[in-house]
Structure formats: structure tokens, C-alpha cells
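This report refers to the structure that appears directly beneath it.
The values are calculated or read from the model by the stated rules, or taken from the named source; none is laboratory data. As the structure is a computational prediction, the values presented were derived from the model and not from experiment. When we count neighbours, we look across all protein chains shown, and the Cβ atoms used for this are built from the backbone with ideal geometry, even at glycine. Heavy atoms of the whole protein, side chains included, go into the accessibility calculation; ligands, DNA and RNA do not. Shrake-Rupley method; radii C 1.70, N 1.55, O 1.52, S 1.80 Å.
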Amino acid sequence: ASDVYKRQDLKRSITNGSKPVVDFGVAGVASTDINSVLKFTLTHIRNKSRELSLNNPIAKNYIQKCADGVVGSDGITIKPAVEIGELGDDNSKLNQSIEKLFYRYAEDPEQFSYDGQLSIDLFQQVVEKTRARDGECFIRIRDNKYEIIDSARLVSTRFGLTKNGYYSNSIEFDGTTHKPIAYYIHNYNPITYQIDTGSYERVPAEEIIHYFIPEFPNQQRGIPDLFAGQKVLQELQEYIQATLVSKKVAASTTAFITNTNTGDYELEDEEETRLNVEYLEAGSIYELNPGQDIKSVNPNAGVDGINDFVNNLMNQISMSLGITKMNLMGDTSNASFSAAKLADRLQQTTFKTRSNAMISRVLKKIYANWLANELLNNSKLGRFSDFDNLVIAHYIPVKNTSIDPVKDAQYEIMLLDAGLKSKQQIIHEMGYSPDVVFKQIEEEKSHGSEQEQQTGNEDSGTTN
């Protein structure tokens, strides 16, 4: 019989009690489809993620690390690289003109953002923080300005059928291609801070940038980065609070006064127990009554092995967030140089993947939208028929500070000498414009040759 029970327990553990594997631990969810699960759970996990990002120091630090690593303090740089004319034609002046016009517009909050608060660098930081915290970020295109929409305004419970398709999680899709057609943005009351789930605005998909990193095929909404580690983060916070309470108790002393002389304190009812509680002021000296004695209790600190326990939880938290523990904590006290360099390499790869998502889903659309509007009003940049050649640009992610810049520079030179990398590519990755750098180098060379020639003439005149 015991073998039968063991097999039944093993079967339940494998099948998870016949529950769906993908249910996010929420009762009532009976589907393994990610969009069905999000319909029931998205609001809850998003609110929990927002709560952690405010009152949990680890979660708050992770959100900031995402913004620093993905877009940096100055944002991802956009360098125009138009391909007008024949291959190899010099378009440096046109590139510089387009870049100057774009950043004159993008760095002005009044022109760039709908509320006049964000320039393109601050905009990128807020967008990435929102994606990491909420799992997604909705950006509305209003002509040539941009507005960040609270993801809570697209309620996950709105679903149904349309004439040519369906709408799910407040997004309308084509029934054949499953391509987004429109987004249902519910109205928001700025006085009561409430979202009206019964009143919404249908916004065409062309006016919305939905920025999220999908985890499943055909996933409609984003999952907060903090979701996988929510439980562990909560457990760590509770454990640290319990440890503080234990430390406070351990720092205190409890005293008990015992009485051996019971002659004067006979109880009328033997079943009744009387407990006298007295509070002794710190530093006071009391004279006890005859037959009384005082005993003290010094509780032990029940926090043995706290370092091992916290390290174990931090390993799980860092894995759930996709960030190394060293980068998450900013602690290199016990790390060797090689370990620190490896952790830095791994983290750069993670952030580069997210930077590519930011470039593909957000920045390319913003730049293309600006250029289209600019060509309508400025014919000097070129013809609208050449838009596909004019919109080409290099998107340069944040350049991380190297912990060994000399070896990194030697590595770049080796790639250059081996013909595996060009000077232009190296200069682009450093965040500079090759056209400008090459021009400055030529000017320095010509200026240096002029000085050498002038010095030679002076020397010959002195000799004569």
C-alpha cells in the first residue's frame, strides 16, 4: 500500500495535480494559452511589480540598472547613414544636416513629447523603466509628438469578436493574419485617478508603438521582468524583517520574579492561575520582598547561517531577472578580476539584446516618422521617393566603461589588422561619426604638415 501511495504522490508532483503548467499560480485559470493566462493575471502581477519597484530596494535597483544598461544616461545615439547616389558617394554633409535637424527637434521636450516634459534621452529611460516594471510600454504617436500611455488603461479583460477578426486584452487583431489593427485605450479621470473600464478610445495600430519582449509565440501583452522573482523577493524581504526583530529581541533581557513564600498568597480557587506582570525600569535597583527571587533570560540570536541563506536567495533573484548578482548588488568585494570581467561581458550581452529590441520596436519608428514629416516640409533633404535610402541610420547603443580598456583596444586593433572589422565600424561602436572623425584626422595631418614645412623654412632661413 505504501508503494501505491508513493506512486500516486509522484504522479501528482509530475502532473502538478492536473493543473495547467502555465497558470501563474492563480486559482481559476484552466488554460495553458499565454494570452488566456494574461487575461486573468496581468493586472495582479503588474500591480505587484509596481509595488516591489517602490518598496523593495533590490527591485528598485534592478529597474534603474535596466535603464542604465540598455539606454544609458544619454540614450541610444542615432547617426544618419543615407545611401543616395552611387555606392561610395560622399553623403557626409547630408548626414550631418539630417542629424543636426533631428537632434534639434528630439532634444526639445516641447517639440518631442506630447506633454512637453521629456526629451529623447529622458524618454528612452522612462520607456525602458516602464517595460522592465510593467512588462510593456505603450507609446502613442500624435503627429510628430509622443505620449507614454499607462498600460493599465488597456485592461486585460476586454475581449470579443469583430466583423473581420477579434479583440483580446484590449487589442484588436485581424482574424486571418493575427496582426494588431487597433488598441482600446480606456479613459482616465485625472481627478479621481480612476480608469473607466466601460469607456474607451479605439486608436489605430499605426498610431501605437507597443514595446515589449515576447516570451511566447503570438504573445499579446508583456510580462513584468520582476514576475519570476516576485515570490523570492518577498521571502527575502520577510526574512530580513524577521532577522531584525530577532536581533532586537536578542539585544534585550527579560527578567522573571519568582516567589517561594506562598503562605500569604493562598488562592481561593485552585484552578485559577494568577500572573503578575511588573516592568522594571532600566538601571533601577529594587528591594525584593521576603521569599522572592529574580531570574533573567537572555535569548539567543536565531539568525545563524544568514549569509548562506541570503546568498542562495540572491542567486535565484539574479537568475530570474537575467542579471548577474555582481551587477545587481554592485558588490565586488569577493570577486577576482577575471570573474568581474566575465560578469561584465555576460551583462553587456544581456543589455545589448534589450537595446536591439528598443531600437527595432521604438527608435526606428520614431526616426522614420520624424523623417517623413521633415521631408514634407523640407525639400532640401531630398525627395520623398528616396525615403528608403534616406531613412537608413546607425543606432549606437550605450558604450559601457571597460574594466580593462588597454586589452579591449588591443583586441579591436587585432580585428582591424585581420580584416574582420573596419575603422568605420569601430568608430561607430565608440559612439562617434566616422565622417567627422576622418575629417578631423585629415585636418590635423594637413595642419601638422604645414607646421613642419613652416618650421623647415624658418630653419633654412636661419642657416642662410
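Tabulated values for the structure
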| read-out | value |
| --- | --- |
| Per-region count, segment 137-172, residues under 28 Å from the mean Cα position of the chain (by Cα) and farther than 30 Å from GLU107 by Cα | 9 |
| Hey, SER119 open to solvent by less than 40 Å² (accessible area, probe 1.4 Å), among the polar types (S, T, N, Q) and either in contact (Cβ under 8 Å) with a residue 40 or more places away in the chain or out of contact with any Lys or Arg (no Cβ under 8 Å at 6 or more places or on another chain) (or both) or not | yes |
| Enumeration of residues in segment 91-110 that are of a type outside the set (S, T, N, Q) and without any contact (Cβ under 8 Å) to a residue 60 or more places away in the chain | LYS93, LYS100, TYR103, ARG104, GLU107, ASP108, PRO109, GLU110 |
| Flag if TYR166 is open to solvent by 50 Å² or more (accessible area, probe 1.4 Å) and modelled with pLDDT of 95 or more | yes |
| Neighbours by Cβ (under 9 Å, 6+ apart or cross-chain): first from segment 196-220, closer than 18 Å to VAL362 by Cα and at pLDDT 90 or above; second among the acidic types (Asp, Glu) and surrounded by 16 or more Cβ atoms within 10 Å (Cβ to Cβ) | ALA205/GLU172; HIS210/GLU136; TYR211/GLU128; TYR211/GLU136; PHE212/ASP134; PHE212/GLU136; ILE213/GLU136; ILE213/ASP225 |
| The lone exception for HIS186 - which of (1) open to solvent by 80 Å² or more (accessible area, probe 1.4 Å); (2) outside any helix (DSSP H, G or I); (3) of a type outside the set (Val, Ile, Thr) it fails | (1) |
| Hey, PHE159 open to solvent by 10 Å² or more (accessible area, probe 1.4 Å) and either of a type in the set (Lys, Arg) or free of Cβ contacts under 8 Å to residues at least 60 places away in the same chain (or both) or not | no |
| Single match in ALA228, ALA182 (criterion: among the hydrophobic types (A, V, I, L, M, F, W, C) and in contact (Cβ under 8 Å) with a residue 40 or more places away in the chain) | ALA228 |
| Residue within segment 103-123 that is touching an Asp or Glu at 6+ places or on another chain (Cβ under 6 Å), at pLDDT 90 or above, among the polar types (S, T, N, Q) and part of a loop (DSSP other than H, G, I, E, B) present | yes |
| SER320 vs. criteria at pLDDT below 90, of a type outside the set (D, E, K, R) and part of a helix (DSSP H, G or I) | yes |
| Total residues in segment 336-355, condition of a type outside the set (Lys, Arg) and touching a residue at least 40 places away in the same chain (Cβ under 8 Å) | 8 |
| Matching residues, segment 65-84, being modelled with pLDDT under 90 and either open to solvent by 60 Å² or more (accessible area, probe 1.4 Å) or of a type in the set (Phe, Trp, Tyr) (or both) | SER73, ASP74, GLU83 |
| Any chance TYR146 is aromatic (Phe, Trp, Tyr) and in a helix (DSSP H, G or I) | no |
| Unique match (being in contact with a helix residue (DSSP H, G or I) (Cβ under 9 Å, 6 or more places away or on another chain) and not aromatic (Phe, Trp, Tyr)) among ILE191, ILE120 | ILE120 |
| Qualifying residues in segment 203-227 (those that are charged (D, E, K, R) and not in a loop (DSSP other than H, G, I, E, B)) - the one least open to solvent (accessible area, probe 1.4 Å) | GLU207 |
| First in segment 433-446 and within 19 Å of ALA393 (Cβ to Cβ), second anywhere and part of a helix (DSSP H, G or I), Cβ under 6 Å, 6 or more apart | PRO434/GLN424; PRO434/ILE427; ASP435/SER92; VAL437/ILE427 |
